[in-house]
1. Looking at the stretch 204-215, can you tell me whether even one residue there is within 21 Å of residue 321 (Cα to Cα) and under 16 Å from the mean Cα position of the chain (by Cα)?
2. Counting just the residues of the stretch 377-420 that are near the ligand (Cβ under 10 Å from one of its atoms) and among the hydroxyl-bearing types (Ser, Thr, Tyr), which one comes out nearest to residue 254 (Cα to Cα)?
3. Residue check: is residue 96 within 16 Å of the ligand (Cβ to nearest atom), open to solvent by 10 Å² or more (accessible area, probe 1.4 Å) and either in a strand (DSSP E or B) or among the aliphatic types (A, V, I, L, M) (or both)?
4. Counting just the residues of the stretch 262-299 that are assigned to a helix (DSSP H, G or I) and within 19 Å of residue 385 (Cα to Cα), which one comes out farthest from the ligand (Cβ to nearest atom)?
5. Hey, can you tell me all the residues within the stretch 359-376 that are part of a loop (DSSP other than H, G, I, E, B) and within 15 Å of the ligand (Cβ to nearest atom)?
6. So which residues in the stretch 28-40 are surrounded by fewer than 20 Cβ atoms within 10 Å (Cβ to Cβ) and more than 16 Å from residue 227 (Cα to Cα), if there are any at all?
7. Filter the stretch 300-324 down to the residues that are of a type in the set (D, E, K, R) and in a loop (DSSP other than H, G, I, E, B), then identify the one that is nearest to residue 409 (Cα to Cα).
Amino acid sequence: MNYYSTRNKDERVRAKEAIFRGPADDGGLYVPETIPAFPYEDFLNAKYEELAAAVLNVFFDDFDPAYLKESAKKAYASFKAEGAVGYHDLDGITVAELFHGPTAAFKDFALQMLPYLMADSADGRRVRILTATSGDTGKAALAGFQDVENTDIFVFYPADGVSTMQKLQMTTQEGNNVHVFGIRGNFDDAQRTVKSLFRDEGLREEGRASGIEFSSANSINIGRLVPQVVYYIYSYLELVRRNTIAMGDKVDVCVPTGNFGNILAAMYAKRMGVPFGDFICASNKNHVLTDFIQTGVYDTHRDFYKTTSPSMDILVASNIERFLQLILKNNDKIREKMESLQETGRFEISEDLIRRAKLVGYWSTDDEGEARIKEVFDATGYLMDPHTAVAYDGIKKHGSNRHVLLMATASPYKFPETVADALSLEKAGDEKELLQSIEETSHMAIPEELLEVFEKPVRFENAIDIEDMARVVREGFDD
Ligand SMILES: *Cc1c(COP(=O)(O)O)cnc(C)c1O
């Protein structure tokens, strides 16, 4: 299958090249030429890794199928839940827990797989992965690419914009090929600067002269998006397996959303044939997406807030560009919209097109999220993280009359301060004691990997200015 840039249909490459490059050279994002129908019903009893291999095979057909199969097996072997995803039933809702991978957030599903895809695509070329993170991508990418041959990775996170646990996970990362920087700015600053580095021909020439090519581990890389389609299909089938629905019944999906990658993967699954109804896009106080969905106007001229769901503190959601591909189809128009976004901070489309895509949006304050954590815990003993709680609030605001799949994107233990506040727990001790106090109250086990960070030395303490990002990524370039 070919991939082309959202901004130019003639800029066409095979999957391997699209994965290797990350974003397209014209600043657009690679999208598949078609989204093929997939016989999902045939996979009712397939293992997660088998379904993953089958889906990857469809989209990444220039890879050896045996390699994809082997890679999927290795990638998902370390996940703690039976079948990689955990499930928990609430009234009218099934929570799909996507946080049983090695870094306790859903990013692991793609980032345990991406290194295998990247290694085969690079075909011996040296690659330097540049990653902007709002907290969870950074750690998942570091864990995935740690000590991978011919590869090094640079991660940039907002120094004051991630949770204590997220920060500890990144700054204690082991490996000889990893570089972690806090930046004095927010996620949008990091993402914008990384994107501009990809478009900096001079920098890329310098890299090539030293035998180094740049690529991306953010969801602008199509190699991130496709593995995420798998858990939507798997979760739909799980609802059938547990007799919650009959095969073919429609279900709604609710996703706590930041860069719009996760919810877009759900839309891809629907285009492949999975009977999803409404897509509920849940946001926090940075509700640029809610407003876009309700009015058709995407306007980044607004205050930026730090919230208790920091992985969603984003105003420029990159994958909206791929959503425009699904609904507008016309690449010249998409290029115009994206140029308008870059120049004026704003663009507009017909809200009718959004409605027809069955996309709805709601947003929640930190207080509303905390109240949901408490409400669900008091009523059922089930503990949600702050991002999942925002999504739960979105479901209640939408008032779905179908069964809803709620995508739980992180373990509550990644955000212990907020969870403790929600449950009115004492916060007297240190971070580790806080985790233990939540465990005592919830009887839900702390993921081992999170406890391990307290034993490891902090390796990366430096915070840099945005302007210094271009300098640090030149590390090891020949003069
Ligand atoms: C990354 C992340 C999100 C946002 O996902 P997108 O694909 O960027 O929309 C939501 N919740 C958590 C916990 C995350 O790590």
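1. Checking the stretch 204-215: not a single residue is within 21 Å of residue 321 (Cα to Cα) and under 16 Å from the mean Cα position of the chain (by Cα).
2. 388
3. Numbers: within 16 Å of the ligand (Cβ to nearest atom): yes; open to solvent by 10 Å² or more (accessible area, probe 1.4 Å): no; either in a strand (DSSP E or B) or among the aliphatic types (A, V, I, L, M) (or both): yes.
So residue 96 fails the test.
4. 263
5. Listed by number, the list holds a single entry, 364.
6. 33, 34, 37, 39
7. If we take residues in the stretch 300-324 being of a type in the set (D, E, K, R) and in a loop (DSSP other than H, G, I, E, B), then 313 is nearest to residue 409 (Cα to Cα).
Conditions tested, residue by residue: (1) at positive phi; (2) open to solvent by 30 Å² or more (accessible area, probe 1.4 Å); (3) in contact with a Pro (Cβ under 8 Å, 6 or more places away or on another chain); (4) away from the ligand (no atom under 14 Å from the Cβ).
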| site | (1), (2), (3), (4) |
| --- | --- |
| 84 | yes, no, no, yes |
| 91 | no, yes, no, yes |
| 103 | no, no, no, no |
| 122 | no, no, no, yes |
| 137 | no, no, no, no |
| 144 | no, no, yes, yes |
| 149 | no, yes, no, yes |
| 152 | no, no, no, yes |
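The values are calculated or read from the model by the stated rules, or taken from the named source; none is laboratory data. Computed from a prediction, not measured in an experiment: that's the story for all the values here. Note that we place each Cβ from the backbone using ideal geometry, even for glycine, and neighbour counts take in every protein chain shown. With ligands, DNA and RNA removed, areas are computed over all heavy atoms of the protein, side chains included. Shrake-Rupley method; radii C 1.70, N 1.55, O 1.52, S 1.80 Å.
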